[in-house]
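Read through the structure below, which is laid out as structure tokens, and then see the notes.
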């Protein structure tokens, strides 16, 4: 029986990357295959990916989901939009000394007036979600674009800057809806994508909007008792067709990021992969049988996190433990702005 402690490790704080590398492709790449570790540069990826392989990217776009302001009583408040329901409604976390009541109003960034409609039915295990509505005829997307702030992860200690607005976003981000970036994709630039295509690799896209629940800790000792937060995803028919072509020609499916992997495996959870939109709370732990993905590009993940459990399921728990020890010894940079790994399925 695996426990939370099986996924713990000591990470020196100075290895948590606070800023990205000067160039997207300048990060390091730890390649792990059959328990063997190779230290590479991310710019070498086209030399590793073979003609006929398929890379699947998550094209979600991070929106300005964080707002600061006050309640009608004057108390300070912070709002993190979890999901835009429609142009007039959003589901959000509200942090305040005392939660605002249904029907109350909150004033954000000295410009936005929102009404708290009440608790949302889709409560999360670790935080309450409120349904918010802007006053008047205001459109939420335009309000957030003008007044919202980029929601950097909690382990990045500086406030979001103009540089973060550009770099905490993939170059292929298209569909706004995420509160966290699919960070494996941050290492790609247009030149690298063009080189991969020139060498005969195929590319496909899906959309999974990463929610704030991705940063919530696992709070049970037995990991089998943990329940994942749900996230929406959509797999276009063209992507499903590309995967079928790749299988037919003997190529490998390479998920760029754990979000891409989760969406693909969720879409094939009951057999063949199906295109379309759905919601998933799939929780991948050691012992899981992968149906779609052969290789995974991913960043280094937090201790005791569900994403560390996922990569341990994919490459093998002992192999991941060894790779993380090696990465720490070799001073790799960790988490969202850190270095990357290329994992072969164990």
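Computed from the coordinates by the stated procedures, all read-outs in this text should not be read as laboratory data. Everything numeric here is computed off the predicted structure, so don't read it as measured data. Note: ideal-geometry Cβ built from the backbone for every residue, glycine included; neighbour counts use all protein chains shown.
A few notes on this one:
- Length-normalised contact order for the chain - Cα pairs under 8 Å, 6+ apart - percent: 25 percent
- Anisotropy class of the stretch 284-346 from Cα gyration tensor, a/c 1.5 cut: prolate
- Taking label points 7 Å from Cα along the Cα-to-Cβ direction, residue 330 and residue 147 give a separation of 4.8 nm.
- For the stretch 196-251, the Kirkwood estimate of the hydrodynamic radius, built from every pair of different alpha carbons, is 14.6 Å.
- Every helix of 4 or more DSSP H residues in the chain counts as -39500 (n - 2.57), and over all residues that averages to -6000 deg cm²/dmol at 222 nm.
- With respect to the chain, whose longest principal axis is taken over its alpha-carbon atoms, helix 258-267 is tilted by about 90°.
- For the chain, built as a Gaussian network whose Cα springs stay under 10 Å, the top-fluctuating residue of 36, 84, 235: 36
- Helix 306-315 axis versus longest C-alpha principal axis of the chain: approximately 10°, rounded to the nearest ten.
- The modelled label-to-label distance between residue 9 and residue 41, using points 7 Å beyond Cα along the C-beta direction, is 2.4 nm.
- Ascending count of other beta-carbon atoms within 10 Å, so fewest first, for 147, 301: 147, 301
- Ranked by how many other Cβ atoms sit within 10 Å of their own Cβ, fewest first, the residues 335, 188 fall in the order 335, 188.
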